[in-house]
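Have a look at the structure below, then the notes.
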Amino acid sequence: MAIPMVLEIVFPPSLVLVAASVLSLISLAILGVLETREIHLKYSKFFNASSSSSSSISFKVPSRVGMFLIYTPAFLVGVASFWLFPDGDFSLSLIYTQTFNQGLSESSIDLKYLGIVFFLIGISGNFYHECILSQLRTKGDKEYKIPKGGLFELVVCPHYLFEILGFVGISLISQTLYSFSTTLGIAVYLMCRGYVTRKWYMSKFEDFLKEVKAVIPYVF
């Protein structure tokens, strides 16, 4: 029943997009499952997790530097597009898109405005809780602390919850199979990462409240 419902609200995908959607979902879900098996992506508090031997070469960069390195390439590509196409001449892309969509019916339901609401809630909530995290430590402080304020009183990773909501918003705006599958994969990964993060807090802090969930208040 779920699959027909999704197909009713998305634009009909090509075979290439179906393959890309399946690949995106599977790869992100696998990363999530690996997190629960203590095979972590090495960032944040899990940087030193499962370090196999002292001979392995690794280096550590500050979180801000790491995020800067991750997001800068996409930013530079966006800036470069203004130089490559100074008049906003994307005629070729528009022609290709219209030709590619010939004969395909549009979705019967327009979820754009609902998606905008979800996206704004997600991006605002994520920004707010990331600000709380950024203020946890004073200069030179290396000790981990239990975050307080906002939804941190109810869940360990509220920033993950709002990040998922932001991606849900993008999916509702675009209404493509690829965006929905990617959002589902991201949700699986972040829920698994939140789950192991909660376990980490419980093992490190004796005063951690067991009532505090991982990602979804009162639920998970």
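Since every read-out is calculated from the coordinates, none of them should be taken as a lab result. The structure displayed is predicted, hence computed values, not measured ones. When we count neighbours, we look across all protein chains shown, and the Cβ atoms used for this are built from the backbone with ideal geometry, even at glycine.
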Rounded to whole Å and sorted largest first, what semi-axes of the equivalent ellipsoid does the C-alpha gyration tensor of segment 141-220 yield via the square root of 5 times each eigenvalue?
28, 12, 11
Please give the net charge around G122, taking every other residue with its beta carbon less than 13 angstrom from that of G122, where Lys and Arg add +1 and Asp and Glu add -1.
-2
Here is the link list: K45/K210; K60/K210; K142/K204; K112/K148; K142/K210; K45/K148. Which ones come out longer than 23 Å on Cα distance?
K60/K210; K112/K148; K142/K210
Note on segment 105-220: contact order normalised by length, alpha-carbon pairs under 8 Å, 6 or more apart, percent, works out to 33 percent
